[in-house]
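Please read the structure below before turning to the comments.
The values are calculated or read from the model by the stated rules, or taken from the named source; none is laboratory data. Since the model is a prediction, treat every value here as computed from it, not as a measurement. Here the Cβ positions follow ideal geometry from the backbone for every residue, glycine too, while neighbour counts run over all protein chains shown.
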Amino acid sequence: MYPFIRLAWQFLLHRNSTSLSVGETHHSQHYCLPWDLDLWLELNNGRTLSIYDMGRLPMAKRSGLLAALRRRGWGLTIAGSSVRYRKRIRVFDKIEMRSRAICADHRFIYLEQSMWVRGTCAGHALYRTAVTNADGIVSTDHILAELGPETTLPEIPNWVEAWITAEDLRPWPPMQSNALFKTRKTQATVHF
């Protein structure tokens, strides 16, 4: 189940935190709990993404984005992500999370998040996010204008640009292998 109570707790903890300018880092603390574990008794990769939500959404509130979404009736979605797992996170480890918006293009805002345990970076995520309305994706120019005329984001770093290029080269929809997946009429039993 999605950790709604833990997310609400993060909003409560940061209810009086100062506003963030877009691009500033939101710091939050989390714990790896027993129900976050996988079979190897470490933080489950799927739960990792949910815990990243607990840093990203309060950051969006502090930057004024959630208020803008409510005012305009917009939505927020993840359009892509790349996650690096570099150090195991074990039960009851205290996680320091750092979350920030790092850049934008005409359609997407790119967010960077990292998890730190005892001063060592355990994981790092890059997200491509989009604000949506009934017509589709809202341009980042409209979003930044809604956040305030002084709101700007830095240029796209080289490593993010390389990821964007790789994502643009990735086929969509994914190609299906005819050797493994045949039509029902001719399909033999396939054992995985």
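General observations
- Taking region 1-113 and the strands (runs of 3 or more DSSP E) fully enclosed by it, the elements with 2 or more residues that are touching a Pro at 6+ places or on another chain (Cβ under 9 Å) are at 26-31, 94-104.
- Yes/no for Asn16 being over 18 Å from Val131 (Cα atoms) and at pLDDT below 95: yes
- One residue from Asn44, Asn133 being farther than 19 Å from Glu146 by Cβ, modelled with pLDDT of 95 or more and more than 15 Å from the chain's Cα centre (by Cα): Asn44
- For region 128-141, a residue qualifies if it is exposed (fewer than 14 other Cβ atoms within 10 Å of the Cβ) and of a type outside the set (Gly, Ala, Ser), and the qualifying residues are Asn133, Asp135, Asp141.
- Against the numbered list (1) of a type in the set (Asp, Glu); (2) over 22 Å from Ile164 (Cα atoms); (3) without any contact (Cβ under 8 Å) to a residue 24 or more places away in the chain, Glu42 comes up short only at (3).
- Within region 143-154, the set of residues being over 13 Å from Phe108 (Cβ atoms) and either outside any loop (DSSP other than H, G, I, E, B) or at pLDDT 90 or above (or both) comprises Ala145, Glu146, Leu147.
- Pairs where the first residue, in region 140-160, is more than 15 Å from Leu66 (Cβ to Cβ) and the second is among the small types (Gly, Ala, Ser), C-beta under 7 Å, 6+ apart: Thr140/Ala104; Leu153/Gly23; Leu153/Ala101; Leu153/Ala104; Pro154/Gly23
- Qualifying residue in region 80-98 (condition: among the hydrophobic types (A, V, I, L, M, F, W, C), in contact (Cβ under 8 Å) with a residue 60 or more places away in the chain and surrounded by 15 or more Cβ atoms within 10 Å (Cβ to Cβ)): yes
- Verdict on Asn158 being exposed (fewer than 10 other Cβ atoms within 10 Å of the Cβ) and modelled with pLDDT of 95 or more: yes
- Screening region 166-192 for residues that are modelled with pLDDT of 90 or more and either touching a Pro at 6+ places or on another chain (Cβ under 8 Å) or surrounded by 10 or more Cβ atoms within 10 Å (Cβ to Cβ) (or both) and picking the one that is nearest to Arg71 (Cα to Cα) gives Glu167.
- Ser63 being within 19 Å of Gly23 (Cα to Cα), surrounded by 14 or more Cβ atoms within 10 Å (Cβ to Cβ), among the small types (Gly, Ala, Ser) and modelled with pLDDT under 95: yes
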